[in-house]
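Take a look at the structure set out below.
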Amino acid sequence: MTYLAKPKFHHPNLPKNDLGYTHRDYEGTVSTLCAGCGHDSITAAIIQACFELSIEPHRVAKISGIGCSSKTPTYFLGNSHGFNSVHGRMPSVLTGANLANRDLIYLGVSGDGDSASIGFGQFAHALRRGVNMAYIVENNGVYGLTKGQFSATADRGSKSKRGVTNTDNSIDLAAIALQLGASFVARSFSGDKHQLVPIIKAAISHRGAAFIDIISPCVAFNNHAGSTKSFDFVREHNEAVNRLDVISSRMPIEVKYAPGTVEIVEQHDGSTIALRKLDADYDVHDRSAALGFLQHHAAKGQIVTGLLHVEKDSDDLHAHLHTVDAPLNALNEKELCPGQAALDTFNASMR
Amino acid sequence: MPTAKSSASPISRVNDFVVRFANVNGSGSASANEMFARAIMRMGVPVAPRNIFPSNIQGLPTWYEVRVTEASHLGARGGSDLMVAMNPQTFDKDIASIEPGGYLFYDSTKELPASKFRADITVIGMPLTAICNREYTDPRQRQLFKNIIYIGALSALLDMDMTALEKLIGEQYKGKEKLIEPNLKALNIGRDYAILNLQCPIGLRVRKADKVGDRIFIEGNAAAALGAVYGGATVCAWYPITPSSGLADAFTKYCEKLRIDPETKKAKYAIVQAEDELASIGMVIGASWNGARAFTATSGPGISLMQEFIGLAYFAEIPAVIFDVQRAGPSTGMPTRTQQCDIISCAYASHGDTKHVLLFPENPAEAFEFGAIAFDLADRLQTPIFVMLDLDIGMNHHLSRPLVWDDARKFDRGKVMTAEELEAGKDFGRYLDVDGDGIPYRTYPGTHPTKGSFFTRGTSRDRYAKYTEEGAPYVDNMQRLVRKFDTAKDLVPRPLQSNSVNQTKYGVIYFGSTSPAMDEAIHMIESRGHTLDRMRLRAFPFHSSVNSFVADHDFVFVVEQNRDAQLRSLIVNECGIDPVRLVPILHYDGTPITARFIAKAIGDHLDQLKVTPLKVNS
């Protein structure tokens with residue numbers, strides 16, 4: 001039940017992060033999703049990523065739409081404010097929240113119904129504007145809460161649990177995010193924690209619109225033969241282009257990499273991404289090549305995962321709007337209200 | 001060929017008449033016509049201009065009406081005493097709309113048959129096209145200066161002060177000085193022609209007066225936008241829609257002037273043109289949830305699109321300010337015509353049981369005041385606040401009392417629990433009615449590491465924001481929302497009542513842009529031998545004085561600008577009043593309501609009552 005808090009007791013020697021918090025400090029309430037749901041693995045990955053990044057647990061705003069995926073923000077970061085908004089409209093609520101206070105970390109959680117159908121427009125425009133956020137789509141290809149209808153990310157030719165073949169073309173949200181100018185685009189798989197956790201960490205550390213399409217099989221309605229979003233299918237067709245290690249600025253780089261196999265990408269917050277290339281020719285900074293790569297492999301039935309694209313000198317909506325450094329929600333009368341003197345001048349000009 | 005013929009006695013009036021310009025839109029006429037209105041105002045004579053324009057950029061008929069009114073009757077009057085007929089498409093209709101004994105000013109370059117005119121008006125022809133063709137070679141210049149030339153001619157015909165016009169041209173082209181001289185020249189071409197060839201002045205005259213006082217000349221959209229600046233709005237998300245776009249544009253303009261940090265040159269505001277109205281209101285709700293003051297500006301179709309989000313803000317109790325500049329509906333309706341037709345759709349916006357706070361400013365000065373108050377109310381009540389403007393208030397220039405601000409005034413940020421209070425162990429329940437007024441405490445995201453976080457949702461929840469689908473906590477919460485709405489009754493601007501000196505059994509309720517026409521109509525009704533007590537509503541939910549006002553009268557007329565008597569329905573519904581006691585007076589053809597209309601409708605009704613007195617038992 002979502003209102004059931006997890007017990008607070010824990011092992012006295014749980015490892016602590018730089019801020020002295022344990023893993024437990026980043027948890028939420030008990031999940032009410034189906035046992036084995038891919039989304040719960042993503043929740044676990046988010047908790048792990050926030051713990052490893054030593055984020056203050058209350059300095060995140062977690063915002064979602066409607067659907068199974070959008071329920072998950074209750075299951076992590078219980079000390080953060082959450083907002084379960086309306087179907088498909090997480091991006092606008094997040095954009096507004098971000099405008100109000102640029103100092104928090106914004107985690108947008110959405111699903112494929114939320115972002116590829118009813119909220120496709122908002123998905124597009126939030127990325128286009130460069131809102132500073134980590135936008136996660138927990139993509140299972142079906143409408144779970146309404147019991148298994150196809151979503152817009154279901155591949156053409158794939159079969160529903162009831163045996164219906166999907167005749168509509170699918171939407172590749174990662175490809176569209178690339179086209180829209182998102183400055184960080186990744187795809188991962190809920191069943192691959194080693195790939196997923198660093199990608200989430202990198203997305204959170206990124207300044208600008210960071211988008212992650214996470215294939216997250218629905219055990220209840222989309223994990224059968226004929227589905228292209230099942231655990232088995234994704235494992236068999238996963239084409240990872242790279243592996244990441246995110247190293248915070250506080251941590252010394254200890255990992256030793258073989259020369260020539262790793263690219264170091266500096267992040268805005270001072271952390272670095274060490275990118276271990278699995279495909280030697282794949283260039284994460286070449287947006288159009290990435291788009292071609294995705295389409296080429298999709299045509300072969302492969303699911304390309306990894307960090308697909310990152311812009312080196314990205315900026316965000318606040319930079320575009322040239323807003324003050326202080327959060328707008330912290331400004332008071334003195335800073336905002338011009339007073340009677342300015343009105344006198346104004347009145348005089350209107351006669 | 002100038003002609004002059006008349007069979008009715010020509011109207012002879014000073015500082016009390018209506019000039020109506022009939023133009024083709026996109027021809028640059030609006031700015032010339034506005035200058036004409038301003039010049040009269042500068043002569044100390046109050047004016048009430050109204051722009052009646054099409055939903056189009058170029059080529060369709062447009063009218064600009066200037067009511068010259070020393071008595072400060074600022075509502076629309078109807079009819080025209082002087083028609084400046086510059087649009088062949090509407091020529092016949094325009095002539096038909098002239099008052100008996102009125103005047104027609106037209107371009108006489110092409111001779112028109114006598115059958116085109118009326119015998120009871122004075123016809124003044126001036127070969128404007130011929131003059132422009134002679135004076136200018138560039139077709140655009142011919143077009144633009146034609147407007148200035150006829151203003152010059154009117155200045156002579158109406159005996160106006162040239163210095164006011166000359167000064168205005170200087171002001172209008174400040175920074176583009178090389179345009180001043182040619183405009184002055186055009187003005188003089190027109191004036192000189194009129195003096196030499198036309199009978200000047202005509203029976204309508206402008207005489208210098210001292211009746212404008214310290215009033216300002218401003219559009220309601222601009223005043224409301226300035227109200228948002230003064231009210232501390234930092235986030236504006238909007239989507240272009242007539243007639244509200246000017247509000248967002250004005251907010252942008254005033255922010256660029258008043259809200260740039262002097263040291264860093266950075267903006268103390270964020271304005272986003274959203275992808276649609278759903279996104280606009282979503283951003284407003286996101287920003288308000290996160291503790292900023294945020295608003296959107298829209299019109300009826302936008303309100304329709306925002307319904308789901310408005311319900312969320314109501315139920316999850318998130319502040320939001322929505323300026324609804326109403327236009328004639330339903331559907332796309334008449335996008336450039338005025339109405340008060342979103343009363344019901346805003347008052348009960350969204351599915352399920354909802355009720356919202358509406359404010360009804362009567363003019364730009366109140367649009368400014370309510371525009372600022374709306375943010376205090378939104379924070380205090382943690383709910384959407386609608387500022388109900390309309391096209392007439394929003395897009396027309398109104399002579400309005402100057403805008404005033406109390407520098408000692410503080411923003412009312414409502415009940416926000418701080419990190420210190422949480423740290424001190426204060427009990428935080430997001431939906432807990434601590435003070436008995438139905439208003440709970442909230443926390444801003446990121447306030448405290450371990451206390452005060454909660455999950456905002458559109459689903460049902462208990463007092464501590466925990467999800468529940470149980471009946472009792474749901475009902476408890478819905479009842480508290482009713483309590484909160486009751487609290488709002490005493491927080492919103494109160495109705496203004498003005499009783500007739502003579503005791504009367506009849507009253508009238510009105511609101512918003514009907515105000516100036518009502519002020520004028522009341523005298524006309526009195527001159528027919530009737531008296532009325534008046535109540536101007538300024539907000540919903542209705543204050544208890546609305547009930548007593550209705551109770552104190554046998555009948556109350558409810559004057560509004562829509563077909564279905566929406567405000568009346570709201571009063572009947574919310575105050576539990578017998579509908580027969582509220583007589584609807586409805587004007588909804590898209591033009592601003594006039595004193596003539598109100599006086600006739602109410603006067604006729606009261607006349608009937610006098611002939612056959614009703615037996616009222618109560």
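How many percent of Cα pairs in the range B:218-400 exceed 31 Å?
Everything past 31 Å amounts to 8 percent.
Tally the DSSP beta bridges in chain B and give the antiparallel ones as a percent, rounded to 5.
Here the antiparallel bridges make up roughly 35 percent for chain B.
Using only the alpha-carbon atoms, what does the range B:496-611 span along each of its principal axes? Please give whole angstrom values in decreasing order.
Principal-axis extents of the Cα atoms in the range B:496-611, largest first: 34, 34, 25 Å.
Within 10 Å of each Cβ of B:353-362, how many other protein chain Cβ atoms are there on average?
For this peptide, the per-residue mean of nearby foreign Cβ atoms is 0.
May I ask which residue of A:Gly20, A:Ala326, A:Met90 lies farthest towards the positive end of the charge dipole of chain A, with charges of +1 (Lys, Arg) and -1 (Asp, Glu) on Cβ and the Cα centre as origin?
Going by the Cα projections, it comes out as A:Met90.
Take the alpha carbon gyration tensor of the range B:94-191, find the square roots of its eigenvalues, order them as a ≥ b ≥ c, and report rounded if a/c is under 1.5; if not, report prolate when a/b exceeds b/c, else oblate.
oblate
Based on the Cβ-Cβ distance from A:Asn169 to A:His268, what FRET efficiency comes out when R0 is 35 Å, to the nearest 0.05?
0.45
Quick one: go through the range B:81-116 and flag any residue whose amide nitrogen is under 11 Å from the point 7 Å out along the Cα-to-Cβ line of B:Ala8.
B:81, B:96-103
Please give me, ordered by residue number, the trypsin sites (Lys or Arg not before Pro) of the range B:315-375 that lie in loop per DSSP and have at most 12 other Cβ atoms within 10 Å.
Answer in residue order: no site qualifies.
According to a simple spin-label model (label point 7 Å from Cα along Cα-to-Cβ), what is the distance in nm between A:Asn13 and B:Leu432?
3.9 nm
Say each of B:Arg563 and B:Lys211 gets a label point 7 Å from the Cα, pointing the same way as Cα to Cβ; how far apart are those two points in nm?
Output for this residue pair reads 3.8 nm.
Calculate the mean, over all residues of peptide A:113-121, of how many other protein chain Cβ atoms lie within 10 angstrom of the residue's Cβ.
1
Round to the nearest 0.05 the FRET efficiency obtained for B:Lys415 and B:Gln172 when R0 = 51 Å and r is the Cβ-Cβ distance.
According to the calculation, E is roughly 0.55.
Ratio of chain B's C-alpha Rg to 2.2 N^0.38 Å, to two decimals?
1.07
Counting residues in the range B:310-448 as N, plug N into 2.2 N^0.38 Å and put the Cα Rg over that result.
1.26
Could you name the aspartates and glutamates in cross-link range of B:Lys610, using Cα to Cα under 15 Å and dropping any fewer than eight places away on the same chain?
Counting by Cα, and skipping residues close in sequence, B:Lys610 has these aspartates and glutamates nearby: B:Glu526, B:Asp554.
With +1 on the Cβ of every Lys and Arg and -1 on the Cβ of every Asp and Glu, and nothing else charged, how large is the dipole of the range B:335-473 about its Cα centre, in debye rounded to the nearest 20?
That gives the range B:335-473 a dipole magnitude of about 380 debye.
For the range A:321-336 and the range A:230-245, what is the separation of their C-alpha centers, rounded to whole Å?
Centre-to-centre distance over Cα atoms comes out at 44 Å.
Comparing A:Thr72, A:Thr305, A:Thr167, which has the greatest mean-square fluctuation in the GNM of chain A with Cα pairs linked when under 10 Å apart?
Top of the fluctuation ranking is A:Thr167.
How shielded is A:72-82 by partner chains, expressed as the average number of their Cβ atoms within 10 Å of its Cβ atoms?
4
Angle, helix A:193-205 long axis vs. longest principal axis of chain A, Cα atoms, 0 to 90°, nearest 10?
For helix A:193-205, the angle is close to 20 degrees.
Could you give the length gained on full extension between A:Ser54 and A:Lys300, defined as 0.36 nm per residue of separation minus the Cα-Cα distance, in nm?
84.5 nm
If you take every DSSP beta bridge whose two residues both sit in the range A:23-333, what share of them, in percent to the nearest 5, is antiparallel?
Of those bridges, close to 40 percent are antiparallel.
What are the trypsin sites (Lys or Arg not before Pro) within the range B:39-147 that DSSP puts in a loop, where the Cβ has at most 14 other Cβ atoms within 10 Å?
Counting only loop positions with at most 14 other Cβ atoms within 10 Å, the trypsin sites (Lys or Arg not before Pro) in the range B:39-147 are B:Lys110.
Taking chymotrypsin sites (Phe, Trp or Tyr not before Pro) as exposed when DSSP calls them loop (any state but H, G, I, E, B) and at most 14 other Cβ atoms lie within 10 Å, what is the longest stretch of chain A free of them, the sites themselves excluded?
Between exposed loop sites, the widest span is A:10-256.
What ³J(HN,Hα) values, in whole Hz, does the Karplus curve 6.51 cos²θ - 1.76 cosθ + 1.60 give for the range A:179-191 when θ = phi - 60°, with x put for Gly and Pro?
Running phi through 6.51 cos²θ - 1.76 cosθ + 1.60 with θ = phi - 60° gives 5, 7, x, 4, 8, 8, 10, 9, 9, 8, 9, 4, x Hz.
Take chain A, compute every pairwise Cα distance, and split them into 10 Å bins from 0; I just need the percent in each bin.
All Cα pairs considered, the percentages come to 5, 25, 33, 22, 9, 3, 2, 0.
Only loop residues by DSSP count here, and only those with at most 16 other Cβ atoms within 10 Å; note down the GluC sites (Glu not before Pro) in the range A:252-351 that meet that.
Here the sparse-neighbourhood loop sites are A:Glu254.
What FRET efficiency do you get for B:Ser545 and B:Lys93 if R0 is 35 Å and r is their Cβ-Cβ distance, rounded to the nearest 0.05?
Once the sixth-power term is evaluated, E becomes 0.20.
Give the shape of the range B:371-410 as rounded, prolate or oblate, defined through the alpha-carbon gyration tensor: a ≥ b ≥ c are the square roots of its eigenvalues, a/c under 1.5 means rounded, and otherwise the shape is prolate if a/b is larger than b/c and oblate if not.
Oblate is the answer for the range B:371-410, as a/c is 1.5 or above yet b/c matches or exceeds a/b.
Taking the alpha-carbon centroid of each part, what is the distance from the range A:1-70 to the range B:24-82 in angstrom?
64 Å
Output the Kirkwood hydrodynamic radius of the range B:295-372, Cα pairs only, in Å rounded to one decimal.
Kirkwood radius, the range B:295-372: 13.1 Å.
Once the dipole of the range B:225-315 is set up with Lys and Arg at +1 and Asp and Glu at -1 on Cβ about the Cα centre, which of B:Gly300, B:Gly286, B:Gly231 lies farthest towards its positive end?
It is B:Gly231, whose Cα lies furthest towards the positive end.
Among all the lysines, which ones have a C-alpha under 19 Å from B:Lys489's C-alpha, if same-chain residues fewer than 8 places away are not counted?
B:Lys355, B:Lys415
Work out which GluC sites (Glu not before Pro) in chain B are exposed loop sites (DSSP not H, G, I, E or B, at most 11 other Cβ within 10 Å) and give the longest gap free of them.
The longest such stretch corresponds to B:264-468.
Starting from 0 in steps of 10 Å, tell me what percent of the Cα-Cα pairs of the protein assembly as shown lands in each bin.
Result returned by the calculation: 2, 11, 18, 19, 17, 13, 10, 7, 3, 0, 0.
Treating only the Cβ of Lys, Arg, Asp and Glu as charged (+1, +1, -1, -1), what charge dipole size does the protein assembly as shown show about its Cα centre? Round to the nearest 20 debye.
The dipole of the protein assembly as shown has a size of about 900 debye.
What's the exposure ranking of B:Asp94, B:Asp604, B:Asp120, going from fewest to most Cβ atoms within 10 Å?
B:Asp604, B:Asp120, B:Asp94
How big is the charge dipole of the range A:1-123 about its Cα centre, in debye rounded to the nearest 20, if each Lys and Arg gets +1 on its Cβ and each Asp and Glu gets -1 on its Cβ?
Around 220 debye, computed over the range A:1-123.
Past the 24 angstrom mark, what percentage of all C-alpha to C-alpha distances in the range A:1-118 do you count?
26 percent
Which of the lysines could a cross-linker span from A:Lys8 if the Cα-Cα distance has to be under 27 Å and same-chain partners fewer than 8 positions apart are dropped?
By straight Cα distance, A:Lys8 reaches A:Lys16, A:Lys62, A:Lys71, A:Lys193, A:Lys201, B:Lys426, B:Lys451, B:Lys466.
Taking amide hydrogens as modeled 1.01 Å from N in the peptide plane, which residues meet the under 5 Å criterion relative to B:Tyr103, leaving out close sequence neighbours?
For B:Tyr103, the qualifying residues are B:Leu82, B:Met83, B:Thr122.
Using θ = phi - 60° and the Karplus curve 6.51 cos²θ - 1.76 cosθ + 1.60, what whole-Hz ³J(HN,Hα) does each residue of the range B:278-294 get, with Gly and Pro shown as x?
After applying 6.51 cos²θ - 1.76 cosθ + 1.60, I find 4, 5, 4, 5, x, 5, 4, 5, x, 5, 5, 4, 8, x, 8, 8, 9 Hz.
As an exercise, take the mean of 1/r over every pair of distinct alpha carbons in the range B:25-184, invert it, and state the Kirkwood radius in angstroms.
Its Kirkwood hydrodynamic radius stands at 16.7 Å.
With labels modelled as points extended 7 Å from the Cα through the Cβ direction, what inter-label distance (nm, one decimal) is found for B:Asp554 paired with B:Ser500?
For B:Asp554 paired with B:Ser500, the spin-label model returns 1.1 nm.
Rounded if a/c is under 1.5, else prolate if a/b beats b/c, else oblate: with a ≥ b ≥ c from the C-alpha gyration tensor eigenvalues square-rooted, which is the range B:270-316?
oblate
Every number here is computed from the coordinates shown, using simple stated rules; none is lab data. No experiment lies behind these values; they were computed from the predicted model shown. Glycine also receives a Cβ, built like all others from the backbone with ideal geometry; neighbour counts cover every protein chain displayed.
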